[in-house]
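Derivation of every value follows stated rules applied to the coordinates shown; laboratory data play no part. Just so it is clear, the model here is predicted, and its values are computed rather than measured. Here Cβ is always computed from backbone atoms with ideal geometry, including for glycine, and neighbour counts include all displayed protein chains.
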């Protein structure tokens, strides 16, 4: 079960790493602006931290809701949010016009947190955590949940950094 679960988390990490909306395109842009290949690697740190914070916040919200509402309804609720948000993004592709590309590490961290949250990154991980019906998600994250989150982040960072480097 653990190996199967880790494959799930790593696979989603790879998916997030491939997605240019999750940061590698930003890393390339910053590296080109600063004329430094090193910026590809250093910009991945705040991007990864922002992504991780988004995952943790989403999972904590899931845990809080799960304690109030039965698990089945909680799963349906979060799945519905993910599907509705996906449908919304399918039809509304507008981007903010006021955003500039000259950013620092804190800006990257905040951007990554907001982007991962708005793309439903944490929602995608809920099925992997919600299979453990006898565990509380918050407790699961702090005990055995650190490994799945770490596996997810390693998959994302390796793929994202590799793509940014070769672009």
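Compute the FRET efficiency between residue 105 and residue 7 as 1/(1 + (r/R0)^6), taking r as their Cβ-Cβ distance and R0 = 41 Å, and round to the nearest 0.05. E between residue 105 and residue 7, to the nearest 0.05, is 0.80.
Taken along the Cα-to-beta-carbon direction at a fixed 7 Å, the label points for residue 77 and residue 158 span 3.6 nm.
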